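As structure tokens, the structure follows; a few thoughts come after it.
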Amino acid sequence: MGNLDEKIIDVYEQVVARNPGEAEFHQAVREVFDSLGPVLAKHPHYADEGVLTRLCEPERQIIFRVPWSDDAGRPQINRGFRVEFNSALGPFKGGLRFHPSVYLGVVKFLGFEQIFKNALTGLPIGGGKGGSDFDPKGRSDGEIMRFCQSFMTELYRHIGEYTDVPAGDTGVGGREIGYLFGQYKRITNRYESGVLTGKGLTWGGSQVRTEATGYGVVFFVQEMLAANGGSLEGKTAVVSGSGNVAIYAIEKVHQLGGRVIACSDSSGYVVDEAGIDLDLLKHVKNGRRGRIADYAQARGASAKLATTGSIWSVPTDIALPCATQNELNAADARSLVAAGVQVVAEGANMPTTPEAIRILTGAGVKFAPGKAANAGGVATSALEMQQNASRDFWTFEHTEERLGEIMRTIHDTCLATADEYGLPGDYVLGANIAAFTHVADAMLALGLI
């Protein structure tokens, strides 16, 4: 990204020095700081009163041991994390990620992003994140249950509906949330529905929560296109990943008249010019827990499987990176630009490298950062919290309408803020400044805490 404003160079250097070896966290902080020059020039009190330094220091960082036994009775040890980053706007809110790549730097990057994403929703939720280096792949239901119960046996003392409300993330779906909630209920002897979101529909969950992140990013893209007189009708899209976010992004693109022609998983990607067969993909990934190669084999001649190269080499109008951080690099960005991509919107958290963002925006591609484009998931989690608090349950149609309204508001806020600070159409700057000022004003109002 660009050069940092001189007022925040010292703060950024302090962040790097105080958090050595946490490259993802440094990248997330730098991405926000790069946008703040205009707001600090207009409102220098944010720097003078130490808001930047306080924003980058979590309120609480929890690391704990998670002992559990596998099906053979062998003891296993994993490490658990919960970073409660900022509660100026409400209780800490953010998912749990179970994946071997999880370490403190990843959890802090995700928690820092969550502060701003949650602020953009306009809902009263702060930012946090957690998880473990546990890998659920290949584990039995019994092993996953024992791990989740052990994890919650420590975590329960740090969370609550008015304190910290975890949800799911990579490796944590409805099954894991069920085991976690069951153990919380068992330990506390309370049916505190609002302590976790992403619950099943029959025990406190919300309609649309499963679809929300994928639907939300497509709603955001629709608004981006509409702002320039266009729509998704007749457009092609490439979606990386084939998990929850990717599947429901594909579904919403198809519902709005577009055609997704490629998706992927960690083993490769498939190109299906006729359009991804969503029912088949759901069967392979959710039903059989299979690989993208299984989809290609079942689909037949129209699907071409690639196990090398990049999915971003596939020409498309719209690119939706929905897999993992830093998956779309500079070479990928050049390929997309050369093929005439119009919009790139992040469904995952920080999936586009800083150099790739520079290339895309420099070429005039409309780029939506994850903290704005993929906020639909946490927004619907907050709607789930509302329903739990009122002992209510909303229809799918009502909840999806609320989600659409929130995504339109986020889009319009980003554009209006970019206009206010002299960079029309810059969604990155608009998202970062709008979220920063919202959180910073609350922090200042609450005093030095």
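General remarks:
- Of the residues making up the range 423-445, none is aromatic (Phe, Trp, Tyr) and surrounded by fewer than 21 Cβ atoms within 10 Å (Cβ to Cβ).
- Within the range 287-311, being exposed (fewer than 15 other Cβ atoms within 10 Å of the Cβ) and either farther than 28 Å from residue 330 by Cβ or in contact with a Gly (Cβ under 7 Å, 6 or more places away or on another chain) (or both) holds for 287, 288, 289, 297, 300, 301, 302, 307.
- Residue among 405, 397 that alone is part of a helix (DSSP H, G or I), free of Cβ contacts under 8 Å to residues at least 24 places away in the same chain, surrounded by fewer than 19 Cβ atoms within 10 Å (Cβ to Cβ) and more than 21 Å from the chain's Cα centre (by Cα): 397
- Subset of the range 174-207 that is among the β-branched types (Val, Ile, Thr) and surrounded by fewer than 18 Cβ atoms within 10 Å (Cβ to Cβ) - its residue that is nearest to residue 143 (Cα to Cα): 187
- Hits in the range 206-237 (condition: part of a loop (DSSP other than H, G, I, E, B) and touching a Ser or Thr at 6+ places or on another chain (Cβ under 8 Å)): 206, 207, 208, 209
- In the range 135-173, the residue that is modelled with the lowest pLDDT out of those that are over 18 Å from residue 197 (Cα atoms) and open to solvent by less than 30 Å² (accessible area, probe 1.4 Å) is 136.
- Exclusive hit being touching an Asp or Glu at 6+ places or on another chain (Cβ under 8 Å), small (Gly, Ala, Ser), in a helix (DSSP H, G or I) and at pLDDT 95 or above, set 418, 435, 442: 418
- Each residue in the range 63-116 was checked for being open to solvent by 10 Å² or more (accessible area, probe 1.4 Å), free of Cβ contacts under 8 Å to residues at least 60 places away in the same chain and within 14 Å of residue 378 (Cα to Cα), and 1 of them qualify.
- Taken together, the residues in the range 231-264 that are on the phi > 0 side of the Ramachandran plot and surrounded by fewer than 21 Cβ atoms within 10 Å (Cβ to Cβ) amount to 2.
- Across the range 312-348, the number of residues qualifying as of a type in the set (Asp, Glu), over 21 Å from residue 224 (Cα atoms) and open to solvent by less than 20 Å² (accessible area, probe 1.4 Å) comes to 1.
- The set of residues in the range 274-330 being within 30 Å of residue 111 (Cβ to Cβ) and without any contact (Cβ under 8 Å) to a residue 24 or more places away in the chain consists of 289 alone.
- Listed by first and then second residue, the pairs with beta-carbon distance under 8 Å, at least 6 apart or on different chains, first residue in the range 242-269 and over 21 Å from residue 225 (Cβ atoms), second assigned to a helix (DSSP H, G or I) and basic (Lys, Arg), are 242/285; 243/285; 247/282; 247/285; 265/285.
The values are calculated or read from the model by the stated rules, or taken from the named source; none is laboratory data. Being a predicted model, the structure only gives us computed values, none of them experimental. All Cβ positions, glycine included, derive from the backbone under ideal geometry; neighbour counts span all protein chains shown. Only protein heavy atoms, including side chains, enter the accessible area calculation; ligands, DNA and RNA are left aside. Shrake-Rupley method; radii C 1.70, N 1.55, O 1.52, S 1.80 Å.
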